[in-house]
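**Student:** My questions all concern the structure below.
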Ligand code: FEO
């Protein structure tokens with residue numbers, strides 16, 4: 001990605017990472033971008049840097065606009081390494097004595113990564129402002145969105161919100177702005193990002209959005225650190241964050257299962273067909289065909305989650321442990337749950353799945369269905385009844 005002018009004196013100087021396919025466990029089929037922003041005014045300010053291996057490209061992009069050595073200060077909105085990995089390289093190039101503005105916890109976290117007294121770190125607080133000449137930048141701490149040190153920077157005169165990871169999407173492609181992709185496509189990328197990164201912090205998302213609304217903050221553009229920049233649908237993405245942060249269950253069931261000799265798969269299919277016959281949105285996801293980040297994206301707005309596993313060595317299948325561990329950490333709320341699965345001789349899986357779902361916080365509405373070896377018609381009838389019970393509860397939402 002070459003540098004791109006966003007408005008008078010403000011540029012995106014970030015980089016594309018076409019080939020990242022796995023962002024610490026989050027499948028990034030469309031790669032991602034590490035956006036960084038350059039403000040060229042009486043003072044020259046760089047907002048965020050990029051992953052370590054892209055530092056040279058960041059310098060090249062800055063150089064196409066201005067000599068990087070003329071940068072007066074750097075703002076670090078968030079200390080995770082995809083945005084600060086090249087910070088020391090950039091500071092070494094432009095002058096290590098120059099100030100790096102970050103939150104108080106940003107100072108602590110940047111020092112924890114790079115060592116004390118290596119950089120001239122200057123903590124800023126919510127509400128604090130600096131002038132670059134004709135532009136005013138203000139800061140809003142957004143602790144735990146999604147790191148303790150996260151903050152937003154707001155360019156007052158241009159009404160541009162530099163939102164760090166919030167409102168981001170792991171998307172790398174020809175498009176730079178929201179209006180260059182269909183709303184459906186960017187919404188899908190943003191939803192996956194929310195489900196995998198921001199879901200456990202939904203209460204804080206609600207608060208930050210309420211703060212933005214109370215402050216009547218006008219936002220002409222939202223510049224997140226990943227993916228598309230919003231210049232058309234700022235209100236829409238803020239509205240979607242508001243909706244997702246409510247954690248409201250919808251009339252939708254997600255069936256997550258693994259299977260050994262197809263018995264649990266057949267049970268999953270009968271449950272799915274029954275729910276579909278009730279004209280309720282349902283998706284059946286085999287853990288060997290769908291990865292955990294796709295599954296949690298579907299779980300985000302579901303009202304029901306059904307989990308199936310055969311019993312393997314007195315336990316559940318390993319792939320189910322993976323998604324359940326991941327789900328527990330992301331804390332989805334307001335869902336009903338039920339378990340099912342086949343077994344040969346001991347049959348612990350359904351009980352273990354019920355315990356997992358209770359730990360996650362699901363309302364387990366059925367004792368679950370256990371089938372020895374091969375499901376017969378009577379077992380499929382139980383699966384149909386479970387599908388009907390779930391459908392009825394979803395219809396009553
Ligand atoms: Fe994009 Fe939290 O780093």
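The values are calculated or read from the model by the stated rules, or taken from the named source; none is laboratory data. If you're wondering where the values come from, they're calculated on a predicted model, not measured in any experiment. Here the Cβ positions follow ideal geometry from the backbone for every residue, glycine too, while neighbour counts run over all protein chains shown.
**Student:** Residues that are in contact with a helix residue (DSSP H, G or I) (Cβ under 6 Å, 6 or more places away or on another chain) and farther than 20 Å from residue 49 by Cβ: does region 117-135 have at least one?
**Tutor:** No, that holds for no residue.
**Student:** Oh, and also: If a residue counts only when it is over 17 Å from residue 164 (Cα atoms), which strands (runs of 3 or more DSSP E) contained entirely in region 58-137 have at least 2 such residues?
**Tutor:** Here the list reads 120-123, 129-131.
**Student:** Follow-up. When region 95-117 is examined, which residues are found to be more than 16 Å from the ligand (Cβ to nearest atom) and touching a strand residue (DSSP E or B) at 6+ places or on another chain (Cβ under 8 Å)?
**Tutor:** Once the filter is applied, which keeps residues that are more than 16 Å from the ligand (Cβ to nearest atom) and touching a strand residue (DSSP E or B) at 6+ places or on another chain (Cβ under 8 Å), region 95-117 yields 96, 97, 98, 99, 100, 101, 104, 107, 111.
**Student:** Identify all residues within region 169-191 that are within 21 Å of residue 242 (Cβ to Cβ) and not in a helix (DSSP H, G or I); write none if there are none.
**Tutor:** Correct list: 169 only.
**Student:** Could I ask something else about it? Condition first: within 11 Å of the ligand (Cβ to nearest atom) and assigned to a loop (DSSP other than H, G, I, E, B). Now tell me which residues in region 149-164 satisfy that.
**Tutor:** 149, 150
**Student:** Can I ask one more? Can you tell me how many residues within region 72-84 are free of Cβ contacts under 8 Å to residues at least 40 places away in the same chain and within 10 Å of the ligand (Cβ to nearest atom)?
**Tutor:** The qualifying residues number 2.
**Student:** Show the residue pairs meeting these rules: Cβ distance below 6 Å; 6+ apart or different chains; first residue within region 149-164 and on the phi > 0 side of the Ramachandran plot; second residue within 13 Å of the ligand (Cβ to nearest atom).
**Tutor:** As it stands, the answer is 164/77; 164/78; 164/150; 164/225, since those pairs meet every condition given.
**Student:** Shifting gears a bit: Being in a loop (DSSP other than H, G, I, E, B) and closer than 16 Å to residue 76 by Cα is the filter here, so list the residues in region 1-51 that pass it.
**Tutor:** 13, 14, 35, 36, 48, 49, 50, 51
**Student:** Any residue in region 369-387 that is closer than 27 Å to residue 191 by Cβ and crowded, with 19+ Cβ neighbours inside 10 Å?
**Tutor:** Looking through region 369-387, at least one residue is closer than 27 Å to residue 191 by Cβ and crowded, with 19+ Cβ neighbours inside 10 Å.
**Student:** Continuing with this model, one more query. Please find, among 289, 333, 389, the residue that is over 20 Å from residue 258 (Cβ atoms), in a loop (DSSP other than H, G, I, E, B) and out of contact with any helix residue (DSSP H, G or I) (no Cβ under 6 Å at 6 or more places or on another chain).
**Tutor:** 333
**Student:** Continuing with this model, one more query. Residues to consider are 287, 311; find the one that is surrounded by 22 or more Cβ atoms within 10 Å (Cβ to Cβ) and touching a strand residue (DSSP E or B) at 6+ places or on another chain (Cβ under 6 Å).
**Tutor:** 311
**Student:** Within region 192-226, how many residues turn out to be part of a helix (DSSP H, G or I), in contact with a strand residue (DSSP E or B) (Cβ under 9 Å, 6 or more places away or on another chain) and more than 16 Å from the ligand (Cβ to nearest atom)?
**Tutor:** 2
**Student:** Within the bounds of region 63-70, is there any residue that is surrounded by 18 or more Cβ atoms within 10 Å (Cβ to Cβ) and farther than 30 Å from residue 327 by Cβ?
**Tutor:** yes
**Student:** Go through region 108-129 and count every residue that is without any contact (Cβ under 8 Å) to a residue 40 or more places away in the chain, under 25 Å from the mean Cα position of the chain (by Cα) and surrounded by 14 or more Cβ atoms within 10 Å (Cβ to Cβ).
**Tutor:** 3
**Student:** Out of (1) surrounded by fewer than 20 Cβ atoms within 10 Å (Cβ to Cβ); (2) at pLDDT 95 or above; (3) under 20 Å from residue 144 (Cα atoms), what's the single condition that is false for residue 213?
**Tutor:** (2)
**Student:** State yes or no: is residue 275 in contact with a helix residue (DSSP H, G or I) (Cβ under 7 Å, 6 or more places away or on another chain), outside any helix (DSSP H, G or I) and under 22 Å from residue 342 (Cα atoms)?
**Tutor:** Here the answer is no, as residue 275 does not meet what is asked.
**Student:** For residue 229, work out the one condition from (1) within 16 Å of the ligand (Cβ to nearest atom); (2) within 30 Å of residue 368 (Cα to Cα) it doesn't fulfil.
**Tutor:** (2)
**Student:** List the number of the failed condition for residue 156; all other conditions in (1) over 15 Å from the mean Cα position of the chain (by Cα); (2) buried (at least 17 other Cβ atoms within 10 Å of the Cβ) hold.
**Tutor:** With respect to (1) over 15 Å from the mean Cα position of the chain (by Cα); (2) buried (at least 17 other Cβ atoms within 10 Å of the Cβ), residue 156 is out only on (2).
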